[in-house]
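Taken together, the values in this text are just the output of simple stated rules run on the coordinates, not laboratory data. Only a predicted model underlies this, so the values are computations on that prediction, with no experimental measurement involved. All Cβ positions, glycine included, derive from the backbone under ideal geometry; neighbour counts span all protein chains shown.
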């Protein structure tokens, strides 16, 4: 997997991702402490609002940014967004009111909503070979999982010698380093697309996404992953600290189990995806999550909660979670021309976070109102519905090259070359507004 770091451009981009993730992780810790300083016992409400603002920015801003990402210099665009993020983080230590936190977080997360899908759409242009790109996806997944471990550890060490406000300076440094690493390489930019209206550009990625069967399946699997992931991320603290009465370190180990499962899957996936189709691996990952949640619900109902069982369950959920999410970039890469990839990655970014916007509050409400067994059962049912919908939307036979007939184009159209029926790698675009079976 690490051999792809020999490619200088990708090495610099991966390093940019890592330092930006570390900076973001430090900001997450500092924000919790800042919220407590500003709001006291109301800190939970402040943080809940902050996370809601983050999700709203992701869902609303990403498609708009994706619509314009291929009309500007990609390197300059990414660097400018890193500068905006660094500037917002630099202002956070000086806030005195809660509304100022909300405003700065909206600016920072809006920039992230534009940065992340544009960055993700750049990687398949840097590593066009599918095998190398698959390894890049796994390496990226590992970076996210390691950040969940490294950032809190680094924050704890820094807080021993400095105030929490200083952590925001680490966030600024992370975004600044990311900008320097991006500006140090030349990035391929796809040819500009045809001139389009604002509405057409803004909705193009989502229209391509929803018109492509494999991506409709991906959306259903995103729902499955968010249902299981929300159970872990929202309710672990209640299960560990409340139900089991364990310490804060036990909570950390429980979250580590989830991350360890995800990392294990990321290490195994490159070779597995060389041998097995994406659909089988991803639906299999969703099935692992569903069965694990149901088994844990049965265990709690019959015998009560046991911490080693919880650790094992979260390890398996993490494994299934990564099996669903890691290959998603391969599907997006296959499903659009290079010039449409920023818009398509932005659509994935927005739609996947819309799933989280549903499952985050649902998970907390179920746990609070009905307890762990009901929460596990309902979220397992939602994840199972997502897996079944993916099987329905995403055909088992999903070849890249499709033979199809064009009744929507005149015979003298350059794309046809005098033949209405032909075959080529098929994606939804101006000449193919619907999937082949519907043309």
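Results, tabulated for the structure shown:
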{"read-out": "Computed [θ] at 222 nm, deg cm²/dmol, the chain (DSSP H ≥ 4; -39,500 (n - 2.57); rounded to nearest 500)", "value": "-26000 deg cm²/dmol"}
{"read-out": "Spacing of the two label points (7 Å from each Cα toward its C-beta) at residue 370 and residue 94, in nm", "value": "4.9"}
{"read-out": "GNM flexibility winner over the chain from 258, 77, 115 (Cα, springs under 10 Å)", "value": "77"}
{"read-out": "Inter-site label distance for residue 337 and residue 291 at 7 Å from Cα along Cβ, in nm", "value": "4.4"}
{"read-out": "Residue of 366, 78, 379 that the Gaussian network model of the chain assigns the largest fluctuation, springs spanning Cα pairs under 10 Å", "value": "366"}
{"read-out": "Length added when fully stretched, residue 309-residue 411, from 0.36 nm per residue minus Cα-Cα", "value": "30.3 nm"}
{"read-out": "Whole-Å distance, taken between Cα centres, linking the stretch 275-304 and the stretch 386-439", "value": "34"}
{"read-out": "Computed label-point distance, nm, for sites residue 207 and residue 183 using a 7 Å Cα→Cβ extension", "value": "3.7"}
{"read-out": "Folded to 0 to 90 degrees: helix 74-91 orientation relative to the chain principal axis, Cα", "value": "20"}
{"read-out": "Euclidean distance of C-alpha centroids, the stretch 313-352 and the stretch 239-266, integer Å", "value": "25"}
{"read-out": "For the chain, built as a Gaussian network whose Cα springs stay under 10 Å, the top-fluctuating residue of 269, 280, 239", "value": "280"}
{"read-out": "Shape category assigned to the chain from the gyration tensor of Cα positions, a/c cut at 1.5", "value": "oblate"}
{"read-out": "Cα gyration tensor category, rounded, prolate or oblate, for the stretch 345-393 with a/c compared to 1.5", "value": "oblate"}
{"read-out": "55, 289 arranged by Cβ crowding within 10 Å, fewest neighbours leading", "value": "55, 289"}
{"read-out": "Pairwise Cα inverse-distance average, inverted: Kirkwood Rh of the stretch 212-394 (Å)", "value": "16.6"}
{"read-out": "Degrees separating the helix 278-303 axis from the principal Cα axis of the chain, which is the longest one", "value": "30"}
{"read-out": "Relative contact order for the chain, counting Cα pairs under 8 Å that sit 6 or more residues apart, in percent", "value": "24"}
{"read-out": "Fewest-first ranking of 51, 168, 345, using other Cβ atoms within 10 Å as the exposure measure", "value": "51, 168, 345"}
{"read-out": "Using alpha-carbon coordinates, inclination of helix 130-159 to the longest axis of the chain, degrees", "value": "20"}
{"read-out": "Projected area, mean over directions - the stretch 246-325, Cα convex hull, nm²", "value": "5.3"}
{"read-out": "Förster radius 30 Å - calculated FRET efficiency between residue 403 and residue 130, Cβ distance, rounded to 0.05", "value": "0.85"}
{"read-out": "Anisotropy class of the stretch 6-189 from Cα gyration tensor, a/c 1.5 cut", "value": "prolate"}
{"read-out": "Extension gain (nm, one decimal) between residue 159 and residue 392, 0.36 nm per residue minus Cα-Cα", "value": "78.9 nm"}
{"read-out": "Residue-span extension gain [residue 238 to residue 103] - 0.36 nm each, minus C-alpha spacing", "value": "45.6 nm"}
{"read-out": "Least to most buried among 91, 355 (fewest other Cβ within 10 Å first)", "value": "91, 355"}
